[in-house]
Amino acid sequence: MSHKPIRKAVFPVAGLGTRFLPATKAIPKELLPIVDRPLIQYAVDEAREAGIEQMIFVTGRGKTAIVEHFDVAYELEDTMSERGKDLGVLDSSRFTPGDIITVRQQVPLGLGHAIWCARAIVGNEPFAIFLPDELMIGDTSGSGAGTGCMKQMVDAYADVGGNLISVLEVPEDEVSSYGVIDPGKTKGALTEVKGLVEKPPIAQAPSNKIISGRYILQPEVMRTLEGQGKGAGGEIQLTDAMAKMIGTQPFHAVTFAGRRFDCGNKLGFVEATLALALEREDMGAEVRAMAQRLLG
Ligand code: G1P
């Protein structure tokens, strides 16, 4: 069966990043770097690897630097060229005109509302969603080494179509911070989704499999979000809209083969920085020696 390809991705990036203040007072949290790549760049690279062409940023006030990052920095490039510097370091931040699109979320009403703000640009196509706080790094060993989370999902989508979310297992006492799935039958990396609940109390969580920030959704979700009331935390929840679509369209979870760092909190951010620095060819050995020295 052939399914409409996934060409568009929505990145909700309007959040205030209060957990990282004062760093995020003037700089969007999505531009904080893990070593030398901003968080948003990791997500955008993951999207491109999966064949996605158009990046739709749902932004807010004070977030324009994200768009600047993906623009041509004329003065910078001119000066670097004059000095004989390699411009290749900027390649991943280059885009075909028209492929970076922004829309503003004027009021912070929740993730579901942020996604709904992109409805006119998404149109009548299936689309991907990336929560850039969640840094997903594909397994570096085994077959398919290094394949990113969205590429793994797009490959699964080619088989089953419909709606897909990435999931991973967390310790039971963490489930109430996330969207949780009620799992059905599992086949390989694919699990049927029978139900979804946003931030349930531990006792009511249907499993410890949480939604980890990557989605492939059919455009009908926009209609479902239309007029949807508030859910957990008084916010318009994407999870609630997805839950309503179960039974009307195929709905699967993909268990990601790789590691996930929750860069929405400081500990996760530091862990990601250390883990990725240790793996870099250009600095890994020095970082290891440095860490050993610091640990005494
Ligand atoms: C959001 C989603 C939740 C998901 C989480 C992943 O929650 O609503 O379902 O599990 O992202 O990070 P938030 O972290 O915005 O509260």
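No value in this document is a laboratory result; all are computed from the given coordinates. None of these values were measured; they are calculated from a predicted model. FYI the Cβ positions are ideal-geometry reconstructions off the backbone, even for glycines, and counts take in every protein chain you see.
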## Note on the structure
Least to most buried among Ser93, Ser212, by other C-beta atoms within 10 Å and fewest first, runs Ser93, Ser212
### Query
At Arg119 and Asp155, where each label point lies 7 Å from the Cα along Cα→Cβ, what is the point-to-point distance in nanometres?
3.5
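Could you put Leu295, Leu168 in order, starting from the residue whose Cβ has the fewest other Cβ atoms within 10 Å? Mind showing how you got there, number by number?
Numbers: Leu295 6, Leu168 21.
If I rank by nearby Cβ atoms, fewest first, I get Leu295, Leu168.
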## Note on the structure
Contour minus Cα-Cα span, Leu278 to Tyr74, at 0.36 nm per residue, comes to 70.1 nm
### Query
Ser177: net charge of surrounding residues, Cβ under 11 Å, Lys/Arg +1, Asp/Glu -1, itself excluded?
-3
## Note on the structure
When the chain is treated as a Gaussian network with springs between alpha carbons less than 10 Å apart, the largest mean-square fluctuation among Gln41, Gln106, Gln152 is found at Gln106
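Name the GluC sites (Glu not before Pro) in region 1-86 that are in a loop by DSSP and that have at most 16 other C-beta atoms within 10 Å, would you?
Working: sites: Glu30, Glu46, Glu49, Glu53, Glu68, Glu75, Glu77, Glu82; in loops: Glu53.
Loop-located and lightly packed - Glu53.
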### Summary
Any residue on another chain or 5+ positions along whose placed amide H is under 5 Å from the amide H of Ile34 is listed here as Leu39
### Message
Give the residue list of GluC sites (Glu not before Pro) in region 263-296 that are DSSP loop and have at most 14 other beta-carbon atoms within 10 angstrom.
### Response
Glu281
### Note, ³J(HN,Hα) from phi for region 161-167, Karplus 6.51, -1.76, 1.60, rounded to Hz, x at Gly and Pro
x, x, 10, 9, 10, 8, 10
### Summary
Taking Lys and Arg as +1 and Asp and Glu as -1, residues besides Ala156 with C-beta under 12 Å from its C-beta add up to +1
#### Entry: Other-chain or far-sequence residues with amide H under 5 Å of Ile211's (modelled H)
Gly179, Val180, Ile181
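So what is the 222 nm mean residue ellipticity for the chain from helices alone, if each DSSP H run of at least 4 adds -39500 (n - 2.57) and you divide by all residues, rounding to the nearest 500 deg cm²/dmol? List each step's numbers first, then the result.
Details: 10 runs with 88 residues, N = 296.
Result for the chain: -8500 deg cm²/dmol, rounded to the nearest 500.
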### Summed side-chain charge close to Ala241 - residues other than Ala241 whose Cβ falls under 11 Å, Lys, Arg +1, Asp, Glu -1
-2
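Which loop trypsin sites (Lys or Arg not before Pro) in region 80-155, with loop taken from DSSP, have no more than 16 other Cβ atoms within 10 angstrom of their Cβ? Display every interim value, and only then the final one.
Values: sites: Arg83, Lys85, Arg94, Arg104, Arg119, Lys151; in loops: Arg83, Lys85, Arg94.
Counting only loop positions with at most 16 other Cβ atoms within 10 Å, the trypsin sites (Lys or Arg not before Pro) in region 80-155 are Arg83, Lys85, Arg94.
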### Query
In nm, what is the difference between 0.36 nm times the number of residues separating Asp139 and Arg61 and their Cα-Cα distance?
24.5 nm
### Query
Two-decimal Rg/Rh of the chain from alpha-carbon positions, Kirkwood Rh?
0.97
### Query
Counting other C-beta atoms within 10 Å, which of Cys149, Cys263 has the fewest, and how do the rest follow?
Cys263, Cys149
